[in-house]
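The values are calculated or read from the model by the stated rules, or taken from the named source; none is laboratory data. Note that the coordinates shown come from a computational prediction; the quantities given were computed from them, not determined experimentally. Here the Cβ is made from the backbone with ideal geometry for all residues, glycine too, and neighbour counts use every protein chain on show.
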Amino acid sequence: MQTIVECVPNFSEGRDAAKVEAIIKALLDGPEVYLLDREMDADHNRSVITLVGSHGRIGEAALRGMGRAAELIDLNHHQGAHPRLGATDVVPFVPVAGVTLEDCVRIAESVAEQAWLRFRIPTYLYEAAARRPERKNLENIRRGQFEGVREEVLTNPDRLPDFGPKFGEGGLHPTAGATVVGARKFLVAYNINLATPEVSIAKGIAKKIRASSGGFACVKAMGVDLAARGLAQVSMNLTDYETTSIGTVFDAVAREAAAQGVSVAASEIVGLIPQRALEEAAVHYLKVENYHPDLIVENRLAAVLQSAIGNRQSAIPPLHALAEPFIDAVAADTPAPGGGSVSALAGALAAALGEMVCRLTLKKKSYAQHHEAVQASLAKLTGLRARLMEAIDRDAASYDAVVAAFKLPRQSGATAEEQAARAKAIEEASKIAAAVPLETAELAVEVARVVKELQTITVPQAASDLNVALGLAAAARAGAVENVRANLPSISDRQWIAGIEAKLGALE
């Protein structure tokens, strides 16, 4: 995968392994999505699943999991120590490679909208995706939990979701509640268990250390009763472990607990943690002087191996051989890959030319004053190219889905249920088939914008390359728009079409 996004959905089920396994199966039932970790906690009655996937696939994976969770989890019968608002309680997206936090915001917005359209699950946007300042913090959205929010949205328009029913037209999903979707940096879920059942002690410590009460920056904390284990827990989220490390919070909790005659029984990490966070904790306690990551043998080995692999891959075959397989696939007597995939390729080539010009400029000392801006543009174009490359396959796959939907039983000989299922399948497949080239067009416009900015700060010898890039970006935009419009006749949702038309108007 050229792009990697982490997704860490939290589901309100931590006791029934069969249900959790079914949700994980749904999450993974698609290409370019991989399971990194799963955590079930019976006291919290919550599961935390960690996935990675490509930019183009991770959102759809999350939606599959949300749909399955809505089928299996009824919050009316759910009890646990952890606060919850939905069957799928929270779905954050985290940039890992080839994507930015802004890219993850767009994924979150799309998933939030589709969760409402497909499953009628109202959704709120939080962290970097929040559309209202008070909704950046998850606890503000989840205040009152499922039961409280279910009542409040009926009387208080300020509590209405970002995607869901309008005021006076309904409330939360009757069994699945609502889901909070967002984009954020890496978060470390870190809990410290105290050797006491007195949850009041854990709550008091949590209040002292959390940022909202004047404690440590980027720390969210609450006291939790681990009744099954006879322990109290300080449950924390470190939203920026570089600002406040796990070593810092461990010391603080241990110190506050000791002041009340309580010791630390153990600490635990929920989900995954960046290697650097644990390295920093080790350095903190060992007091290692002049530490740097290259002192870790595995880090040094990985760098050497990566360099060796790069050297082996540097030999480039004849250029026509690189392009020939795709061109042959386009020329074949099959409708896909077609215009949408070709448009995405044109956009990717435009970005690649811009990257080339950036790298040539960065070699020139005489352009040092522009290097910072050029480096920033290079990073943007690299990410855009990766997403456009993914769109080549996504466009072909979305067309195949439309064809499959049209092959479902027709009116003649089909039951009413089959007819309704066919119409719904065609509608949903056509929406996706329109949404993919729409994204391609938007990416192409962004490529053109970045390339234009390069014209005055890059080497003049490459001016013609930038002009070619602009031409390719324009072709990508125009071709993608054509493919969006080709799918609209199969869609009956007039409100959805109006939204697409507004976006097309802005692009054109």
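Go through the stretch 140-150 residue by residue and tally those that are touching a Pro at 6+ places or on another chain (Cβ under 9 Å) and more than 18 Å from residue 75 (Cα to Cα).
Counting residues in the stretch 140-150 that are touching a Pro at 6+ places or on another chain (Cβ under 9 Å) and more than 18 Å from residue 75 (Cα to Cα) gives 0.
Exactly one condition in (1) assigned to a helix (DSSP H, G or I); (2) at pLDDT below 95 is false for residue 456; which is it?
(1)
Restricting attention to the stretch 447-461, which residues are out of contact with any Ser or Thr (no Cβ under 7 Å at 6 or more places or on another chain) and surrounded by 19 or more Cβ atoms within 10 Å (Cβ to Cβ)?
Residues of the stretch 447-461 that are out of contact with any Ser or Thr (no Cβ under 7 Å at 6 or more places or on another chain), as a first pass: 447-449, 451-452, 455-457, 460-461.
Scanning the stretch 447-461 gives 447, 448, 451.
Return a yes/no flag: does the stretch 193-202 have any residue that is of a type outside the set (Gly, Ala, Ser), assigned to a strand (DSSP E or B) and assigned by TED's automatic domain parsing to the domain that holds residue 258.
Yes, that holds for at least one residue.
Got at least one residue in the stretch 410-430 being of a type in the set (D, E, K, R), within 26 Å of the chain's Cα centre (by Cα) and part of a helix (DSSP H, G or I)?
yes
Look at residue 333 and say whether it is in the same structural domain as residue 404 (by TED's automatic domain parsing) and assigned to a loop (DSSP other than H, G, I, E, B).
For residue 333, the condition - in the same structural domain as residue 404 (by TED's automatic domain parsing) and assigned to a loop (DSSP other than H, G, I, E, B) - is met.
For the stretch 486-501, which positions are surrounded by fewer than 15 Cβ atoms within 10 Å (Cβ to Cβ) and without any contact (Cβ under 8 Å) to a residue 40 or more places away in the chain?
Looking only at the stretch 486-501, we keep the residues that are surrounded by fewer than 15 Cβ atoms within 10 Å (Cβ to Cβ), and these are 489, 492-495, 498-499, 501.
Residues satisfying the conditions are 489, 494, 495, 498, 499, 501.
Going residue by residue through the stretch 363-377, is there one that turns out to be surrounded by 20 or more Cβ atoms within 10 Å (Cβ to Cβ) and either part of a helix (DSSP H, G or I) or on the phi < 0 side of the Ramachandran plot (or both)?
Filtering the stretch 363-377 for residues surrounded by 20 or more Cβ atoms within 10 Å (Cβ to Cβ) gives 374, 377.
Now drop any that are not either part of a helix (DSSP H, G or I) or on the phi < 0 side of the Ramachandran plot (or both), which leaves 374, 377.
The answer is yes; a qualifying residue exists.
Counting only residues that are among the aliphatic types (A, V, I, L, M) and more than 19 Å from the chain's Cα centre (by Cα), give me the helices (runs of 4 or more DSSP H) lying completely in the stretch 38-142 with at least 2 of them.
Values: elements: 58-72, 101-119, 138-142.
Correct list: 58-72.
Can you tell me how many residues within the stretch 51-69 are surrounded by fewer than 23 Cβ atoms within 10 Å (Cβ to Cβ) and under 14 Å from residue 19 (Cβ atoms)?
2
For the stretch 14-50: of the residues being in contact with a helix residue (DSSP H, G or I) (Cβ under 7 Å, 6 or more places away or on another chain) and in contact (Cβ under 8 Å) with a residue 60 or more places away in the chain, which is surrounded by the most Cβ atoms within 10 Å (Cβ to Cβ)?
Only one residue fits best here, namely 43.
Restrict the check to the stretch 355-370 and report whether at least one residue is within 26 Å of the chain's Cα centre (by Cα), assigned by TED's automatic domain parsing to the domain that holds residue 481 and not aromatic (Phe, Trp, Tyr). Explain how you work it out, then say what you get.
Step one: of the stretch 355-370, the residues within 26 Å of the chain's Cα centre (by Cα) are 355.
Those left that are additionally assigned by TED's automatic domain parsing to the domain that holds residue 481: 355.
Those left that are additionally not aromatic (Phe, Trp, Tyr): 355.
For the stretch 355-370, residues within 26 Å of the chain's Cα centre (by Cα), assigned by TED's automatic domain parsing to the domain that holds residue 481 and not aromatic (Phe, Trp, Tyr): present.
Matching residues to (1) over 30 Å from residue 201 (Cβ atoms); (2) touching a helix residue (DSSP H, G or I) at 6+ places or on another chain (Cβ under 9 Å); (3) surrounded by fewer than 16 Cβ atoms within 10 Å (Cβ to Cβ); (4) in the same structural domain as residue 487 (by TED's automatic domain parsing):
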| site | (1), (2), (3), (4) |
| --- | --- |
| 236 | no, yes, no, no |
| 242 | no, yes, yes, no |
| 254 | no, no, no, no |
| 258 | no, no, yes, no |
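From the list 206, 228, 217, 221, which residue is more than 30 Å from residue 118 (Cβ to Cβ), touching a strand residue (DSSP E or B) at 6+ places or on another chain (Cβ under 6 Å), not acidic (Asp, Glu) and not in a strand (DSSP E or B)?
On the way: 228 fails: touching a strand residue (DSSP E or B) at 6+ places or on another chain (Cβ under 6 Å); 217 fails: touching a strand residue (DSSP E or B) at 6+ places or on another chain (Cβ under 6 Å); 221 fails: not in a strand (DSSP E or B).
Exactly one of 206, 228, 217, 221 is more than 30 Å from residue 118 (Cβ to Cβ), touching a strand residue (DSSP E or B) at 6+ places or on another chain (Cβ under 6 Å), not acidic (Asp, Glu) and not in a strand (DSSP E or B), namely 206.
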